[in-house]
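Please treat every number below as a calculation from the coordinates, not as lab data. What you see is a predicted model; the values in this text were computed from it and never measured. Neighbour counts are summed over all protein chains in view; Cβ atoms, including those assigned to glycine, are modelled from backbone coordinates with ideal geometry.
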Amino acid sequence: GTAGAWTAVFAGLSGVFVLNPLRGGRAAQTINLGSVWSYGEGFQLVKHELTLQDGWQKKTELLKLFVPVDAEGNPEVFSATCTHLGCSVNWDEEDGEFLCPCHRGRYAADGTVLGGPPPASLPRMSERVENEELLIELS
Ligand code: FES
């Protein structure tokens, strides 16, 4: 009786600590970027404001992405944030590559590093299309 009650109380408290959002990590979030047909085949910069739950606080974050979509409606979604120190990269149509204005980092159209200080490729988002809506997963 009493032991069972204490076990239940302890289990409940454990749940509080395990689920307490102050203990870090942000939950995976699905973001709807609208109709997949609203994007072109080129590398247009897309800005999307996110509201995130960080612990007990809500905060906003601006996502900057490139969203080329081919003629069949297959998207690719790259972060526009340079992997060196976080500047926003731009698409250079003439040279067919992404350029970072801060320290001249260069990336190919598939996001891989071509030159300069960036230590890694532009991050690619996990994307899918449902009912012609473009969804990405943020973790
Ligand atoms: Fe992009 Fe340094 S921040 S190259």
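Before moving on, here are some points about what is shown:
- Any hit, region 119-132, residues being within 16 Å of the ligand (Cβ to nearest atom) and not in a loop (DSSP other than H, G, I, E, B): no
- Residue selected from region 85-98 under the condition under 25 Å from Gln29 (Cβ atoms) and not hydrophobic (A, V, I, L, M, F, W, C), by the criterion farthest from the ligand (Cβ to nearest atom): Ser88
- Of everything in region 99-114 that is within 10 Å of the ligand (Cβ to nearest atom) and of a type outside the set (A, V, I, L, M), the residue that is nearest to Val67 (Cα to Cα) is Tyr107.
- Screening Glu61 on (1) over 19 Å from Gly86 (Cβ atoms); (2) without any contact (Cβ under 8 Å) to a residue 24 or more places away in the chain shows it passes everything except condition (1).
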